[in-house]
Every structure is written in structure tokens, then in C-alpha cells.
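The values are calculated or read from the model by the stated rules, or taken from the named source; none is laboratory data. Being a predicted model, the structure only gives us computed values, none of them experimental. Quick reminder, even Gly has a Cβ in these numbers, built from the backbone with ideal geometry, and neighbours come from all protein chains shown.
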Amino acid sequence: MIDLDHVGLATHDLDGARDVFTRLGFTCTAKSTHRGPVPPHGETGAWGSGNYCIMLERGYFELIGVTDPGLPHPMVAARLDKYAGLHIVALGCRDGDAAAAALGERMAGVAAPYDLVRDVPYGDGVREGRFRIYQIDEEALPEGDFFLIEHRSREVLWQPALMEHANGVTGLDGVTICVGDMDQSRARFAALCGRDGDYRDGEARFDLAAGSISLLDETSLAARYPGVTPPCLPWVAAVTFAVADRAALTKRLADNGVPFNLGPNGAPWIAPDHGEGAIIAFK
């Protein structure tokens, strides 16, 4: 069974995005840089991209951007060519080969794996974060940048001090995608998840082993997040975080001068203008 491992936001200004999310009350990791297959022969080498991560008790959130324009960074560039904001939806699995094989029986476009490495600050030094990635082709799943991920160094990423956040956020709850053709998108995500999701009133929800993926049509997006207009369709619109104390969260946002809205159930959310192109929602 797959879970919602992490969600990633592509930004033109990586350090600026870190400052925005620090203001929202998150603890960000130190900057980390990527290494992976480099053309033309595919040997592992330096990429010109890097990230800051927000590590949570369940899952994590990634800010990703260009760190060296002179080195390869095609995946970041491709995302930013569409829009700055949420793109990455990583689906966690314990056995990547088995999960990829099972998924390949339900849908096309699951690529052969590649290994990704990044240097992770750890204590007074640096340790190696290691991952195996199984990319899902954009033609097979155009709603976002989806891939399966098998962690091979979980203890390096989930460091206890990094999971303490001033805003009280404890976990990654879900990701929401605005789609133009609900029927087609529902069919693709049913194949991805191995079952159809719950559907009502312009929304389809797919619960994973942990976390969820929701699809909204434009009307439903406008009703839930008034004033938000998709830059394109499909659009990875929102990430939702679980929070321990809503009142403490809203006080933190107000004290830091962060504009926020309250949904019908009283849950706060932040519009894309103040969330680096993404709706930042809390539950």
C-alpha cells in the first residue's frame, strides 16, 4: 500500500521560500543539494538543484529550486516553466520494486527506477540521504509530478529536533488537485490507487495508507477557497497539514502578520499570494 510520503513546491527563490515558511511557523532543515544520473551516460553526479525540507511526525514537505544554474536541473526548470507552486506528489512504499510492479499492472508510464542522493546536514556533519525513485510519466498522469519513492536512509531525514514546529503542525494530511475533466482524472487516480475514490459534489477523495489525494473541479475549488484562480489546469492547488492546536496556530500567524482565511469548519488556510504560489491549508 502506498502513502503520501511528501509534497514538493518548486520556487524561483529557494532561500526566499524558506523565509516565507519560517514565518508560517515551520522549522526548515538546512539547505541540501541533489546528486543523480547525469546525461549522456547516466553516471551519478551533481545536479544544480537543492531543497529545504519541513520534516513532520508523518511525512514531510519540500521546497525545491535551482542552486547552480550552470549544472543540470531539468526537472526544476520544467516545473517552473508551468508555474511556481506545488508540483511534486511523492508516494511512499517500503518495497519499491514490488509497488512499481503492481502499479505497472494497473497503468502505463511507470519508469525504471533511478537512485537519488543528497547530502543531509546531520549534527555537526553531513550524512547521505538515499532514495530510489520510480517516476510516473506525465502523459499517464498529467495532474502533477508523481513518483514512487523508497527511502533507504529514513533515520537521516527524520531527525527529532527537526520535527518540532512553532505552529504546532504534526503531519502531512493531504494534497488537493484542481482538474478540468473530473471523469478522466478520477479514472487515472483509481488506477493509481487501485480503487475508486469517494465522489460527491465535484470532489473525489482517495485515501492512502496514510494521507489522501483529493480532486476538485473549478467550481468546488472556488467554493472552498474563494478568490483563488488556477493558473492552469490541472493544478496541484493545496497542501493540507494536520495541526495540534488550531488556536495556537492562528495566533502564531496573526503575530507574524501572515494573512489567512477561515474555512466553513473554522480551519485556517493561506492563499497562494502568501504561500509561494500554493494554498497552505490546516486541519
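Exactly one of these conditions fails for Thr229: (1) in contact with a strand residue (DSSP E or B) (Cβ under 6 Å, 6 or more places away or on another chain); (2) surrounded by fewer than 19 Cβ atoms within 10 Å (Cβ to Cβ); (3) polar (S, T, N, Q). Give me its number.
Going through the list (1) in contact with a strand residue (DSSP E or B) (Cβ under 6 Å, 6 or more places away or on another chain); (2) surrounded by fewer than 19 Cβ atoms within 10 Å (Cβ to Cβ); (3) polar (S, T, N, Q), Thr229 breaks only (1).
How about the stretch 123-171: which of its residues are free of Cβ contacts under 8 Å to residues at least 60 places away in the same chain, assigned to a strand (DSSP E or B) and either hydroxyl-bearing (Ser, Thr, Tyr) or more than 27 Å from Gly197 (Cα to Cα) (or both)?
Gly125, Val126, Arg127, Glu128, Arg130, Phe131, Arg132, Tyr134, listed by residue number.
Name the residues in the stretch 198-213 that are on the phi < 0 side of the Ramachandran plot, without any contact (Cβ under 8 Å) to a residue 60 or more places away in the chain and touching a strand residue (DSSP E or B) at 6+ places or on another chain (Cβ under 9 Å), would you?
Matches in the stretch 198-213: Asp198, Tyr199, Glu203, Ala204, Arg205, Phe206, Asp207.
Of all residues in the stretch 94-122 being in contact (Cβ under 8 Å) with a residue 60 or more places away in the chain and assigned to a strand (DSSP E or B), which is nearest to Ile64 (Cα to Cα)?
If we take residues in the stretch 94-122 being in contact (Cβ under 8 Å) with a residue 60 or more places away in the chain and assigned to a strand (DSSP E or B), then Arg118 is nearest to Ile64 (Cα to Cα).
Going through the stretch 242-275 one residue at a time, which ones are crowded, with 19+ Cβ neighbours inside 10 Å and either under 13 Å from the mean Cα position of the chain (by Cα) or more than 16 Å from Gly25 (Cα to Cα) (or both)?
Pro272
When you check Thr33 against the structure, is it of a type in the set (Val, Ile, Thr), part of a loop (DSSP other than H, G, I, E, B), closer than 15 Å to Leu157 by Cα and touching a strand residue (DSSP E or B) at 6+ places or on another chain (Cβ under 9 Å), yes or no?
Against the criterion (of a type in the set (Val, Ile, Thr), part of a loop (DSSP other than H, G, I, E, B), closer than 15 Å to Leu157 by Cα and touching a strand residue (DSSP E or B) at 6+ places or on another chain (Cβ under 9 Å)), Thr33 does not qualify.
When you go through Asp5, Asp81 one by one, which is the residue that is at pLDDT 90 or above and in a helix (DSSP H, G or I)?
Exactly one of Asp5, Asp81 is at pLDDT 90 or above and in a helix (DSSP H, G or I), namely Asp81.
For the stretch 14-28, which positions are among the hydrophobic types (A, V, I, L, M, F, W, C) and either outside any helix (DSSP H, G or I) or in contact with an Asp or Glu (Cβ under 7 Å, 6 or more places away or on another chain) (or both)?
Correct list: Ala17, Val20, Leu24, Phe26, Cys28.
So Gly174 passes all but one of these: (1) in a strand (DSSP E or B); (2) surrounded by fewer than 21 Cβ atoms within 10 Å (Cβ to Cβ). Which condition number does it fail?
For Gly174, the exception is condition (2).
Does Thr33 fit the bill of being hydroxyl-bearing (Ser, Thr, Tyr) and free of Cβ contacts under 8 Å to residues at least 24 places away in the same chain?
no
Taking Val239 as the residue in question, decide whether it is crowded, with 16+ Cβ neighbours inside 10 Å, assigned to a loop (DSSP other than H, G, I, E, B) and either in contact with a strand residue (DSSP E or B) (Cβ under 9 Å, 6 or more places away or on another chain) or not assigned by TED's automatic domain parsing to the domain that holds Val175 (or both).
In short, no.
List pairs: first in the stretch 1-24 and within 24 Å of Gly257 (Cα to Cα), second exposed (fewer than 15 other Cβ atoms within 10 Å of the Cβ), Cβ under 7 Å, 6+ apart or cross-chain?
So the pair list comes out as Arg23/Asn256.
Looking at (1) in contact with a Leu (Cβ under 7 Å, 6 or more places away or on another chain); (2) under 24 Å from Met1 (Cβ atoms), which one does Arg195 not meet, given that it meets all the others?
The failed condition is (1).
Answer yes or no: is there a residue in the stretch 53-68 that is touching a helix residue (DSSP H, G or I) at 6+ places or on another chain (Cβ under 9 Å), surrounded by fewer than 22 Cβ atoms within 10 Å (Cβ to Cβ) and part of a helix (DSSP H, G or I).
Looking through the stretch 53-68, none of the residues is touching a helix residue (DSSP H, G or I) at 6+ places or on another chain (Cβ under 9 Å), surrounded by fewer than 22 Cβ atoms within 10 Å (Cβ to Cβ) and part of a helix (DSSP H, G or I).
Take the conditions closer than 17 Å to Leu141 by Cβ and at pLDDT below 95 and apply them to Asp196. Does it pass? Lay out the reasoning, then the answer.
On the way: closer than 17 Å to Leu141 by Cβ: yes; at pLDDT below 95: yes.
Answer is yes for this residue.
Going through the stretch 225-280 one residue at a time, which ones are hydrophobic (A, V, I, L, M, F, W, C) and without any contact (Cβ under 8 Å) to a residue 60 or more places away in the chain?
Answer for the stretch 225-280, where residues must be hydrophobic (A, V, I, L, M, F, W, C) and without any contact (Cβ under 8 Å) to a residue 60 or more places away in the chain: Val228, Leu233, Ala247, Ala254, Phe260, Leu262, Ala267, Trp269, Ala271.
Would it be correct to say that Gly168 is surrounded by fewer than 20 Cβ atoms within 10 Å (Cβ to Cβ) and not charged (D, E, K, R)?
yes
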